[in-house]
1. Here are LYS69, LYS79, LYS109: which of them is modelled with pLDDT under 95, among the basic types (Lys, Arg) and closer than 23 Å to ILE327 by Cα?
2. Just checking, how many residues over the stretch 338-362 are within 20 Å of LEU126 (Cβ to Cβ) and either among the hydrophobic types (A, V, I, L, M, F, W, C) or touching a Lys or Arg at 6+ places or on another chain (Cβ under 6 Å) (or both)?
3. Given the criteria β-branched (Val, Ile, Thr) and surrounded by fewer than 17 Cβ atoms within 10 Å (Cβ to Cβ), does VAL337 qualify?
4. For the stretch 58-79, state whether one or more residues are assigned to a loop (DSSP other than H, G, I, E, B), touching a Gly at 6+ places or on another chain (Cβ under 7 Å), closer than 30 Å to ALA274 by Cβ and not aliphatic (A, V, I, L, M).
5. Scan the stretch 350-364 and report the pairs whose first residue is touching a residue at least 60 places away in the same chain (Cβ under 8 Å) and whose second residue is of a type in the set (Asp, Glu), with Cβ atoms within less than 8 Å and a gap of 6+ or a chain change.
6. What number goes with the only condition from (1) of a type in the set (D, E, K, R); (2) touching a Gly at 6+ places or on another chain (Cβ under 7 Å); (3) more than 30 Å from GLU19 (Cβ to Cβ) that ARG36 does not pass?
7. Just checking: which of the strands (runs of 3 or more DSSP E) contained wholly in the stretch 124-221 hold 3 or more residues that are of a type in the set (Phe, Trp, Tyr) and modelled with pLDDT of 95 or more?
8. Out of all the residues in the stretch 330-344, which are farther than 19 Å from LYS265 by Cα and in a strand (DSSP E or B)?
Amino acid sequence: MDPSARKNFNARFTAEKYERLLSDLNEGLQNPIAFRVAETPIFLTTDFRDKLIAAGNDIIDTVLQPDFKQLTERAIPNKWLIPNENDHPHFIALDFAVCHDRSGTLVPKLIELQGFPSLYGFQVKLGESYCSNFELSNDRTIFFSGLDKGAYIELLKKTIGGDCSPDEVILMDVNALGQKTSVDFYITRAYLGIPIVSLADLEQEGNALFYRLNGKKKRIKRIYNRLIFDEIDNDPDIFDKVVDLRQPLDVEWITHPNWFYRISKFTMPFLKGAYIPKTQFLHQVTPIPADLENYVLKPLFSFAGQGVIIDVKKNDIENIKDPENWILQQKVNYEPVVQAPDGGVKAEIRLLYLWPDGYEKPVLAINLARLSRGKMIGVRYNKDFDWVGGTVAFMPK
């Protein structure tokens, strides 16, 4: 982390500036943002930025392997296996903890990854709002790969919209405008001109899908999919009430739902590199390590950290009935590297890639970051704390 940028930011920080930031982000919304936005961005050094890029490249190389689909076939639950899968994901997100290595040097360590979109719209607005409300210098950027805001929005349009007109593309979720991340939906609509449509509003004729635009039926050619099937898994009758998305529909998925499972915790055991913690499928772990305090146990098919066992005991492993659906991962120790006024805060940085159709590989585009004082990163572990929550990392241009 950049100590001079941190010192300068903290010296100029005021609660009034933070309140202006929140007011700026909430402007025009029906309801305030439903997740906590941190008081500060993160400031990366060139060295740490380059380590992140190198770590990401190692992982992308695995995704690009010709046999990647074969390796990850078991990742997709049978009940959520969707037809007409395309050749590659349109989005990849890689979460890295900021840690110390054995020599005391700051390094990124992979925590999780997903083949699913994140806050690709909101992060642009968030970066701009930090700059304007805290008067940050313009010698840093939140973008990678030489992108600026204009080039990034064009890449986002190409990825989501392809050659379609905006009214032929929808952003779709279960209850789209009721989601915690709906602020990202509004911003994406403003950038791309695409409508926001809830699952219940889809209409089907044959294998074609439609939505209503000004009262008239409009054919859907592309779905910018924000629906995570875990969110509807507790309603076994869901597809008696809405269009059954498991059919071979005549629509392009951006990105196809199968990639949510292929690029996930399931991928971790196949990854290698200096920034990858040792990870094994639980049924392949022999013998059980004696130092279980240095490991974390994760279910493959869970959402938002549910079911994770942090303080692993031998009987936890022995009591699991389906070890093929769990991973044992070397524990990653977050370092409190971001200095708040009252002490250090742990940080996690998410690299966000875009992969338009026709591109040979994904483009590292932008980032998302999270700050935490709790035992884990995430809202439920950081209640009643300040200088925690969602943020973005700035790095030298």
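The values are calculated or read from the model by the stated rules, or taken from the named source; none is laboratory data. It should be emphasised that the depicted structure is a prediction, and the values quoted were computed from it without experimental measurement. Quick reminder, even Gly has a Cβ in these numbers, built from the backbone with ideal geometry, and neighbours come from all protein chains shown.
1. Sole residue among the options that is modelled with pLDDT under 95, among the basic types (Lys, Arg) and closer than 23 Å to ILE327 by Cα: LYS79.
2. Residues flagged as within 20 Å of LEU126 (Cβ to Cβ) and either among the hydrophobic types (A, V, I, L, M, F, W, C) or touching a Lys or Arg at 6+ places or on another chain (Cβ under 6 Å) (or both) within the stretch 338-362 amount to 9.
3. So VAL337 fails the test.
4. No: the stretch 58-79 contains no residue that is assigned to a loop (DSSP other than H, G, I, E, B), touching a Gly at 6+ places or on another chain (Cβ under 7 Å), closer than 30 Å to ALA274 by Cβ and not aliphatic (A, V, I, L, M).
5. Every condition considered, the pairs that remain are ARG350/ASP95.
6. (3)
7. So the answer is none; nothing clears 3.
8. VAL338, GLN339, ALA340, GLY343, GLY344
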